[in-house]
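Q: Below you'll find the structure I mean.
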Amino acid sequence: MSSINETLKNITLKELCIVIISLFIISHLLSFFDILSFNSALIYVFVIAYFVFKLRNSFSSLKNDVVDVFSKDSIRSILLVVVLNIFLSYGLLYLSNCIITTFPALNYFVKFPLSSIYLNNSLNLAFGVIAIIVISPICEELIFRGVMLSRLRLFVPTKFAILITSLLFASLHTFGSITSAFIFAMCMAILYLKTDNILVPIFAHFLNNLLAEAMLFADSQNLLFTSLPLIYTFSILSVISFVIILISISNEWNNFNIN
């Protein structure tokens with residue numbers, strides 16, 4: 001049994017909300033009085049520091065938890081989820097671009113993220129990459145799966161808890177990636193519930209963001225959005241990925257009790 005997971009499950013939603021809201025208030029006050037400029041990534045860092053403090057007496061199981069992440073079954077599930085979600089996300093981005101092209105007025109809404117908690121363009125490149133690949137996965141998985149999912153399961157059926165936390169996670173994303181973020185969040189929730197190891201979704205999230213950033217960096221000429229052969233190929237792979245993910249989620253869904 002993971003002592004880290006057991007400690008995470010004892011953190012209340014009220015306590016977590018107080019910490020996050022307090023950090024936002026402090027950051028805005030410091031910025032307002034021009035004392036110190038905070039950004040969203042730094043808030044994430046402080047949230048992680050809070051979790052480290054809360055988990056300070058629970059790291060005895062860390063070694064075993066890490067070993068479990070790299071077990072054959074976990075790695076297979078992680079790689080499958082990540083690869084399928086990458087293809088799916090590109091397909092949904094193509095679809096959103098098509099919708100915006102057909103209805104240009106929607107572009108007004110796309111320019112505005114649904115939450116200010118996400119990273120902004122003022123970060124330097126190095127810290128921005130670290131924030132997206134490392135900081136964001138750790139913080140978001142601890143919040144949404146480690147605490148929120150675990151606590152909500154005490155009050156509502158597991159299926160509803162998965163849907164609620166997945167919707168909240170998706171709300172952090174912009175128009176073009178809301179759907180893929182929602183599906184990805186559901187996959188992360190299922191991984192967490194199956195393994196009872198928060199490090200599994202953290203590593204999957206890390207790998208997903210790493211692969212996405214690597215593809216973005218490698219595609220300097222934006223061929224994935226301008227080359228018709230690549231667009232058609234990724235679109236086909238996206239449909240296949242969507243079907244496989246739906247079947248997988250459906251199979252796992254039946255394992256969760258309604259009450």
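The values are calculated or read from the model by the stated rules, or taken from the named source; none is laboratory data. Not measured: the values here are computed from a predicted model. Neighbour counts run over all protein chains shown; Cβ positions are idealised from the backbone, glycine included.
Q: Which residues, taken from segment 7-26, are in a helix (DSSP H, G or I) and aliphatic (A, V, I, L, M)?
A: L8, L13, L16, I18, V19, I20, I21, L23, I25, I26
Q: Among the numbered conditions (1) outside any helix (DSSP H, G or I); (2) of a type outside the set (D, E, K, R); (3) within 18 Å of I143 (Cα to Cα), tell me where A41 comes up short.
A: Tallying (1) outside any helix (DSSP H, G or I); (2) of a type outside the set (D, E, K, R); (3) within 18 Å of I143 (Cα to Cα), A41 fails exactly one: (1).
Q: If you take the residues of segment 203-225 that are closer than 18 Å to E141 by Cα and not aliphatic (A, V, I, L, M), which of them is farthest from the chain's Cα centre (by Cα)?
A: Taking the candidates together, the pick is F203.
Q: Could we say that L30 is free of Cβ contacts under 8 Å to residues at least 60 places away in the same chain, over 19 Å from the mean Cα position of the chain (by Cα), in a helix (DSSP H, G or I) and over 30 Å from S238 (Cβ atoms) here?
A: yes
Q: Can you find a residue in segment 203-220 that is without any contact (Cβ under 8 Å) to a residue 40 or more places away in the chain and among the aromatic types (F, W, Y)?
A: yes
Okay, residues lined up against (1) at pLDDT 90 or above; (2) of a type outside the set (A, V, I, L, M, F, W, C); (3) touching a strand residue (DSSP E or B) at 6+ places or on another chain (Cβ under 8 Å):
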site	(1), (2), (3)
N10	yes, yes, no
L16	yes, no, no
L23	yes, no, no
D34	no, yes, no
Y50	yes, yes, no
K54	yes, yes, no
S58	yes, yes, no
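Q: Would you mind listing the helices (runs of 4 or more DSSP H) fully within segment 61-135 where at least 1 residues are among the hydrophobic types (A, V, I, L, M, F, W, C) and at pLDDT below 90?
A: Those helices (runs of 4 or more DSSP H) span 72-102, 107-110, 125-130.
Q: Right, L154: in a loop (DSSP other than H, G, I, E, B) and either of a type in the set (G, A, S) or under 30 Å from S71 (Cβ atoms) (or both) or not? Give the steps one after another, and end with the answer.
A: Details: in a loop (DSSP other than H, G, I, E, B): yes; either of a type in the set (G, A, S) or under 30 Å from S71 (Cβ atoms) (or both): yes.
Answer is yes for this residue.
Q: Quick one: count up the residues across segment 189-234 that are of a type outside the set (K, R) and surrounded by fewer than 17 Cβ atoms within 10 Å (Cβ to Cβ). Even if it seems obvious, please write down each step before you answer.
A: Here is the first cut: in segment 189-234, the ones of a type outside the set (K, R) are 189-193, 195-234.
From the residues that got through so far, the ones that are surrounded by fewer than 17 Cβ atoms within 10 Å (Cβ to Cβ) too are 196, 210-211, 213-223, 225-230, 232-233.
Looking only at that region, the number is 22.
Q: Residue under question is T179, and the condition is that it be among the β-branched types (V, I, T), out of contact with any Cys (no Cβ under 6 Å at 6 or more places or on another chain), surrounded by fewer than 14 Cβ atoms within 10 Å (Cβ to Cβ) and at pLDDT below 95; does it hold? Reasoning before the result, please.
A: Numbers: among the β-branched types (V, I, T): yes; out of contact with any Cys (no Cβ under 6 Å at 6 or more places or on another chain): yes; surrounded by fewer than 14 Cβ atoms within 10 Å (Cβ to Cβ): no; at pLDDT below 95: yes.
Against the criterion (among the β-branched types (V, I, T), out of contact with any Cys (no Cβ under 6 Å at 6 or more places or on another chain), surrounded by fewer than 14 Cβ atoms within 10 Å (Cβ to Cβ) and at pLDDT below 95), T179 does not qualify.
Let's see how each residue does on (1) aliphatic (A, V, I, L, M); (2) surrounded by 11 or more Cβ atoms within 10 Å (Cβ to Cβ):
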position	(1), (2)
S27	no, yes
Y44	no, yes
F53	no, no
K63	no, no
K72	no, no
S77	no, yes
V81	yes, yes
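Q: Would you mind telling me which numbered condition in (1) closer than 26 Å to S136 by Cα; (2) in a helix (DSSP H, G or I) T233 fails?
A: Looking at each condition in turn, T233 falls short on (1).
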